[in-house]
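Student: Got a structure here, written out as structure tokens. Questions coming.
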Amino acid sequence: MSLLPYALARPFLFGLDPEAAHDLTLGMLARGQGTLAQAAWSQEAVADPVQLAGLTFPNRVGLAAGLDKNARCIDALAAMGFGFVEVGTVTPRPQPGNPKPRMFRLPEARALINRLGFNNDGLEAFIANVQRSRVRAQKSQPLLLGLNIGKNASTPIEQATSDYLIGLNGVYPYADYVTVNISSPNTQNLRALQSDEALDALLSAIAAERERLATAQGRRVPIFVKIAPDLQPEQVEVIAATLTRHGMDGVIATNTTVARDAVQGLRHAGETGGLSGAPVREASNSVIRQLRAALGPAFPIIGVGGVLSAQDAVDKIRAGADVVQIYTGLIYEGPALVVQAARALKALR
């Protein structure tokens, strides 16, 4: 159990600008990982191994991409009891993201809106940070690491495939799995890559490059594709067919939503960006159900969106997910949510 109850820290953090609180927290985690300070948030991981996409997940609760975009805090995050941690999204070149302010809390709805826009230090710095991480080499504390790749905002959408191939080549040697992020609403036209022909072309190129890398490096790294919640059933059907046609190893459902129905009238509800937290829960679960029906029982699905309690995690699994990820739930509930959710999922067996 962590030494510092999150309930004591949250009022201070919520008194700050959301992005300032985010940066302060990541800075503290980065400086404290591997030191005695890590006891403030360390928790024993729940042992609940599950086989998925040829990997052994130590438990079924992971961290979603977006919190640690530059892979600075892998060891610190692992200490919270996650079975797997996904970092990024990283782009080939550094970029500042969208103008500030670009992150907003909606506490009445237990939600966030962000339009960060893949702000990150670029692929070279990202890989250097991944290489510095020590936790995955510790046999006593196994951890799976997902590396999430995207395209630069300045790259025309017609040339997006090139950015994804650069990212895939860069992260491949260091990833337990790679996530192809085509669903952020905060990079112009990015979600167009989820359409029929664009997705087919992108995944065809990624599949071919993965085969080349697997042959050259003697190691086949699973590839997951992260999709949006704002999809019609026919779009989900097309995506499911395209994933299987190109031999993708899994799907992450879902990213943030552009819908605002659940937060109408709340302060900041009209801000542009992706809405996460409790309001996206049902949309995410609906897409998971559709994917499971289309993909069959064996295709790996990582469920993310609106997990703010152990019951939310259970509901994700019952909707058809194999494992779950959290992000906004960590901000509202703190690290205790990781262990609570992992215990609840273990009890389902």
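Student: Among the residues of the range 1-29, which ones are under 19 Å from the mean Cα position of the chain (by Cα) and either of a type in the set (Gly, Ala, Ser) or surrounded by fewer than 13 Cβ atoms within 10 Å (Cβ to Cβ) (or both)?
Tutor: Passing the criteria: only ASP23.
Student: I've got another one for you. Name the pairs whose Cβ atoms lie under 6 Å apart, with the first residue in the range 254-267 and under 9 Å from ALA228 (Cα atoms), the second part of a loop (DSSP other than H, G, I, E, B) and modelled with pLDDT of 95 or more, and 6 or more positions between them or separate chains?
Tutor: THR254/GLY305
Student: Still on this structure: So ALA201 ticks every box in (1) over 30 Å from VAL263 (Cα atoms); (2) buried (at least 17 other Cβ atoms within 10 Å of the Cβ) but one. Which box is left unticked?
Tutor: Here ALA201 clears every test but (2).
Student: What pairs come out if I take residues in the range 20-38 that are at positive phi and part of a helix (DSSP H, G or I) and pair them with residues that are of a type outside the set (Phe, Trp, Tyr) and crowded, with 18+ Cβ neighbours inside 10 Å whose C-beta lies under 9 Å away, six or more apart or interchain?
Tutor: Once the first residue is at positive phi and part of a helix (DSSP H, G or I) and sits in the range 20-38, no partner that is of a type outside the set (Phe, Trp, Tyr) and crowded, with 18+ Cβ neighbours inside 10 Å comes close enough.
Student: When only residues in the range 100-133 that are among the β-branched types (Val, Ile, Thr) and assigned to a helix (DSSP H, G or I) count, which is surrounded by the most Cβ atoms within 10 Å (Cβ to Cβ)?
Tutor: Here the answer is VAL130.
Student: Scanning the range 231-255 for residues that are in contact with a Pro (Cβ under 8 Å, 6 or more places away or on another chain) and under 19 Å from ARG289 (Cβ atoms), which turns out surrounded by the fewest Cβ atoms within 10 Å (Cβ to Cβ)?
Tutor: In this case the residue turns out to be GLY250.
Student: Would you say ALA205 is more than 25 Å from SER284 (Cα to Cα) and out of contact with any Gly (no Cβ under 9 Å at 6 or more places or on another chain)?
Tutor: In short, yes.
Student: If the Cβ limit is 6 Å and pairs must be 6+ apart or interchain, which residue in the range 294-311 that is at positive phi pairs with which residue that is part of a helix (DSSP H, G or I) and aliphatic (A, V, I, L, M)?
Tutor: GLY305/VAL280; GLY306/ALA278; GLY306/VAL280
Student: Could you grab me the full set of residues in the range 98-134 that are under 30 Å from GLN264 (Cα atoms) and either polar (S, T, N, Q) or under 18 Å from the mean Cα position of the chain (by Cα) (or both)?
Tutor: Those that are under 30 Å from GLN264 (Cα atoms) and either polar (S, T, N, Q) or under 18 Å from the mean Cα position of the chain (by Cα) (or both): ASN98, MET103, ALA111, LEU112, ILE113, ASN114, ARG115, LEU116, GLY117, PHE118, ASN119.
Student: OK, next. From the list VAL323, VAL339, exactly one residue is modelled with pLDDT of 95 or more and within 27 Å of ALA240 (Cα to Cα). Which is it?
Tutor: VAL323
Student: Filter the range 45-87 down to residues that are assigned to a helix (DSSP H, G or I) and more than 14 Å from the chain's Cα centre (by Cα) and give me whichever is surrounded by the most Cβ atoms within 10 Å (Cβ to Cβ).
Tutor: Per the criteria, the residue is ALA78.
Student: Looking for whichever is over 17 Å from the mean Cα position of the chain (by Cα) and either in a strand (DSSP E or B) or modelled with pLDDT under 95 (or both) here; the options are ALA205, ALA240, ALA201. Which one fits?
Tutor: Matching residue, one of ALA205, ALA240, ALA201: ALA201.
Student: Continuing with the same structure: Output the number of residues of the range 81-122 satisfying the condition of being within 17 Å of ASN181 (Cβ to Cβ) and touching a Leu at 6+ places or on another chain (Cβ under 8 Å).
Tutor: So the answer is 11.
Student: Moving on. When you scan the range 268-349 for helices (runs of 4 or more DSSP H) that lie fully inside it, which ones turn up with 3 or more residues that are buried (at least 18 other Cβ atoms within 10 Å of the Cβ) and in contact with an Asp or Glu (Cβ under 8 Å, 6 or more places away or on another chain)?
Tutor: By residue number, 281-295, 336-347.
Student: Kindly evaluate THR256 against the criterion of being polar (S, T, N, Q) and at pLDDT below 95.
Tutor: For THR256, the condition - polar (S, T, N, Q) and at pLDDT below 95 - is met.
The values are calculated or read from the model by the stated rules, or taken from the named source; none is laboratory data. Please read these numbers as outputs of a predicted model, since none were measured by experiment. Backbone-built Cβ (ideal geometry, glycine too); neighbour counts: all protein chains shown.
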